[in-house]
Amino acid sequence: MKASMNGGATPYDAIIVGAGPIGLASALLLARQSGFASTRLAVVDRRLPEELDKVAAASMDLRVFALSRASERILRVCGAWDDIRATRAGPYERMHVWHADVPPHGGEALIFDAAEIGERDLGVIVENSVLQASLAGALRRAGIALLEGEVTSLTQERGAVNLGLGDETLRARLVVGADGAASRVRELAGLTAARGDYGQTALVAMVETARPHQHTAWQRFLGEGTLAFLPLHDGRSSIVWSLPTARADRLLTLAPEAFERELEQDLDGALGKVRLASERIRFPLWKLSAEHYVTARLALVGDAAHVVHPLAGQGANLGLLDAAALADVLAEGLAQREDPGAERILRRYERWRRSENELMAAAIDAFDRLLARGSGKFAELAQRGMPWVNRSSLAKRVFIERAMGLAGELPAAAAR
Ligand SMILES: Cc1cc2nc3c(=O)[nH]c(=O)nc-3n(C[C@H](O)[C@H](O)[C@H](O)COP(=O)(O)OP(=O)(O)OC[C@H]3O[C@@H](n4cnc5c(N)ncnc54)[C@H](O)[C@@H]3O)c2cc1C
C-alpha cells in the first residue's frame, strides 16, 4: 500500500519507520502487549517485505540469524513463530568454541550444550527474509497498515510528529525509529551516536561440509578475527568469517577451490572438507551506540539505536528485546491514561534497554579484543580461562543464559 496523506487528519497513535524484523515486531507488540488499537498503528518502509509464499518458494537468503530463546518467545507473542518454524528454520543444540592455539576437539575447546541446562536447544537459525515475511504476514492479519514510502523529514508540533515522505505527510503521537544502522529518523531527530570501525569485514556464504554439523554452531577465534559455521536445517552451514578487510577482499577474488582451502584451514579441519554452495557476500563491520534512544514523541529500537559485532550473533536478538521492553513501558503508560509520546515514559525504556545493550556490547568487544584478535598478557589469560569455564557448570550456565537472552531484566513477552 502506498502511503497516503493524513497531514490534517487525526494522527496515528504510533508510526513505526522501518519494516525490518525489529520494526515489524515493534508494531505487533504495541498492538498485542500495550493495548494500541491495530487500526491506529502503521509501519512505513521504502521497500515492503515480500509475502511468505514467495520467500518460501525462492532459494535460501544468505543472511541468516541465530535467534535466542528470548527472541522465540517474543516472536510467538507477535504471532509469527509458527510460520518461521515451518519455513526452513533449524534448531541448534550446542556451541563449540575454541581458540586458534588449541586443537578443535581437545579438552580446551568450550562446549555449551542445551541438554546441560535442561533445554531442548539453544536457539534457532532463521533466514532474514523468512523472519521479515512471517512478521509481515502477522501484521497484515492483525490489520496494521503497511505503507510504502521513504521518510525524508520529521517535525515536531504540539501533540504530534509530522513525518514527511516526499510530497506526503503522516502524523503520529509517537514515532518508533526502526530504520536500521543508518537511521534517518535518528538523524532527523538530532539524536547523536558514537561510532567505531572494527577495520574488519564479514564474509557470508553457504557451504557443504564432509562431516555433519551435528546441530552445533562452530566458532573458532583466529587471532585476527572469528570464523563461525551455523548449522542449517538441510545439513549445510552458513559461514560468518570476520577478518581484516584486506584479507576478506582478497578472499572474495579467489576461485572457489582456493577459497575453500583457506576456509578449511581457518576451521582447522573441524568439519573436514568444505565446498562453497552459494555466492559470497561481504558486510563491513562497525559498531554504533546512540547517546539517547528517545526524545519527545520518538523512540529508537534495534540497529537504529545500537550496532554490535556479529561474533556473538546478538544484534537482532537485542533489537527484539528493545521492541518488547518499549511495548511494556507503553502498556504501563496507557493503563494510567498517559500520552504515549510523553518523554517521561519513554525515558524509562531508554534507561532499561540502554544499560542492557551497553553491557552486551562491552562483553562482545571484550571477546573481540581478548579472544578473536587478542595478543599479550590479558589475551593469554582469557584464552587460558576457556578450559576453566568448560569445567565450571556455574560459569557455563551464566554464559548460556546470557546467550539465550534469559538474563537481566526481561520484558513480559520474553519472560513467558
Ligand atoms: C554478518 C552479520 C551477521 C549477523 N548475525 C546475526 C545473528 O546471528 N543473530 C542476530 O541476532 N543478529 C545478527 N546480526 C545483526 C542483524 O543483522 C541486525 O541486528 C538486524 O538485521 C537489525 O534489524 P533492524 O530491523 O533493526 O534493521 P534493518 O533490518 O536494517 O531494517 C531497517 C528497515 O528500515 C528501512 N528504512 C531505512 N531508512 C528508511 C527511511 N528513511 N524511510 C523508510 N524506511 C527506511 C529499510 O528499508 C529496512 O527495511 C548480524 C549482522 C551481520 C552484519
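Read the figures in this text as sums done on the coordinates, not as results from a lab. Only a predicted model underlies this, so the values are computations on that prediction, with no experimental measurement involved. A quick note on method: Cβ atoms are made from the backbone with ideal geometry, for glycine too, and the neighbour counts reach across all protein chains shown.
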Fraction of beta bridges assigned by DSSP in segment 1-150 that are antiparallel (%, nearest 5):
55 percent
If you count the DSSP beta bridges with both ends in the chain, what percent of them are antiparallel, to the nearest 5?
70 percent
FRET efficiency, ALA58 to ALA182 (Cβ-Cβ, R0 25 Å, nearest 0.05):
0.45
First check a/c for the chain, with a ≥ b ≥ c the square roots of the eigenvalues of its C-alpha gyration tensor; if it is under 1.5, answer rounded, and if not, answer prolate when a/b is larger than b/c or oblate otherwise.
prolate
Summing +1 per Lys or Arg and -1 per Asp or Glu among the other residues with Cβ less than 13 Å from SER134's Cβ gives -2
Structure-based [θ]222 nm, the chain - -39500 (n - 2.57) summed over DSSP H runs of at least 4, per residue, nearest 500
-10500 deg cm²/dmol
At what distance in angstrom do the alpha carbon centres of segment 180-216 and segment 114-158 lie from each other?
17 Å
Relative contact order [Cα under 8 Å, 6+ residues apart], segment 100-226, whole percent:
14 percent
Across segment 205-220, in residue order, what do the Karplus-derived ³J(HN,Hα) couplings come to in whole Hz, using 6.51 cos²θ - 1.76 cosθ + 1.60 with θ = phi - 60° and x for Gly and Pro?
6, 9, 9, 9, 10, 5, 9, x, 6, 6, 6, 10, 8, 9, 9, 10
Relative contact order, percent, the chain [alpha-carbon distance under 8 Å, six or more residues apart]:
22 percent
How much length, in nm to one decimal, is gained on full extension between ALA142 and ILE111, taken as 0.36 nm per residue of separation minus their Cα-Cα distance?
7.0 nm
Rounded, prolate or oblate for segment 140-274? Axes are the square roots of the Cα gyration tensor eigenvalues, ordered a ≥ b ≥ c, and the cut-off for rounded is a/c under 1.5.
prolate
For segment 39-86, shape from the Cα gyration tensor axes a ≥ b ≥ c, cut at a/c of 1.5 then a/b versus b/c, turns out oblate
